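The values are calculated or read from the model by the stated rules, or taken from the named source; none is laboratory data. Since the model is a prediction, treat every value here as computed from it, not as a measurement. Ligands, DNA and RNA are stripped out before the accessible areas are found, and what is left, the full protein with its side chains, is counted by its heavy atoms. Shrake-Rupley method; radii C 1.70, N 1.55, O 1.52, S 1.80 Å.
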Amino acid sequence: MPEGECLNTVPVERPQSLLSHVKLFFALSRTPHGVLDMATPALAALLWLGSIPSLGVALLGVMTAFAGYTAVYAINDLVDYRVDKLKLERGGFRDTGDYLDAILVRHPMAYGLLSFKEAVLWTIGWSSVALVGAALLNPFCVVIFVAACLLETVYCLMWKTSYLRTLVSGAVKTSGPVAAVYAVDPNPDLSFLLLLFLWLFCWEIGGQNIPADWTDIEEDRSLHARTIPVSFGPATAAVIVMISLAIAVGLSGLILGLPRGPVELVWSFFLPAAGVYLLLLPAYQLYVTKDRREAAQLFNRASYYPLAILILVAAKVLS
């Protein structure tokens, strides 16, 4: 295939307006997905405190979380720049028009819509905001953020090395919620943190990382990548997804402490129902079909899971 030619319908012309150009930076950071991810630190803080933090802490936390997710997703595209270009040259990123990460433009640097220098400056800027916010909340949050950035880099570099990269991804995704707990309490209970980590770790593996890799399975296979779907095949990958998400739904009952009283029957119903609808049903559909479009649908639905749980927990706290 000639260089620059691909089967994707995204235009490759650089935008002329300032607004369109700004949108490309948010596409680089997958901001629609990042905003949904921000529900996880908010949920973690709310679960640990049992109440809404003070206004100052809440506002600073929102700003820091946005900056952190914006920076880490941009790091992913910076490190994977050459890989994304190779995938694009092989007709990658096809059939993903309904994929959450394709709401804007998937990998705008690979399309030549953003320069590497622009992306670096964008990443440095938001990383700086995240570092300042983390330091103000709790200096230990700075350590967590820096570790997440380093792990994200390691995750990308392991693309051709080992399928164990998916475990690194799980650690990166849980860093935000763990940092949020330390932001509201410098001495949280370690057993709570462990349970929180395992819950969101399993959600990330089964609902985010493996489905995301599945959407690129053909290109990854041609480039000899070592993702779970490529290394083990769709059948085994689908089983891993089902097991991971079943564990995640089970752990949610432990960490959320499903109430037993008849007054809270609605709460008791909707918490597991959210897991079944947003995680287990699309995972089962993927298990049956082994289709990349179903992987994208699972990714999309699972991305809303933390937000759904956050809404339910917030409603209970405020009631």
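With no solvent and one equal point scatterer placed on each C-alpha of the chain, evaluate the Debye formula and give log10 I(q)/I(0) for q = 0.08, 0.14, 0.15 Å⁻¹, two decimals. Here log10 of I(q) over I(0) equals -0.36, -1.10, -1.26.
Globularity index of region 102-245 is 1.18 (Cα radius of gyration / 2.2 N^0.38 Å, N = number of residues).
Where only protein heavy atoms count, and the probe is 1.4 Å, what is the accessible area per residue for region 97-232 in Å²?
On a per-residue basis, region 97-232 sits at 39 Å².
For the chain, carbon and sulfur atoms together expose 69% of the accessible surface, with a 1.4 angstrom probe and every protein chain in place.
Counting only the Cα atoms, region 24-77 fills a convex hull of 68 Å³ per residue.
For the chain, the 222 nm mean residue ellipticity estimated from helices alone, with every DSSP H stretch of n ≥ 4 adding -39500 (n - 2.57) and the total spread over all residues, rounds to -23000 deg cm²/dmol.
Within the chain, which whole H helices from DSSP have a Cα span along their axis of at least 18 Å and a mean Kyte-Doolittle hydropathy of -0.5 or more, if any? Long hydrophobic helices here: 55-79, 116-137, 139-157, 165-184, 190-204, 228-256, 305-318. Counted residue by residue at 0.36 nm each, then reduced by the alpha carbon distance between them, the extension gain from Val35 to Ile52 reaches 4.2 nm. Rounded to the nearest angstrom and listed largest first, the equivalent-ellipsoid semi-axes of region 174-289 from its Cα gyration tensor are 31, 20, 9.
Of the lysine pairs in the chain, how many meet both conditions: Cα atoms under 19 Å apart, and a spacing of 8 or more in sequence or different chains?
4
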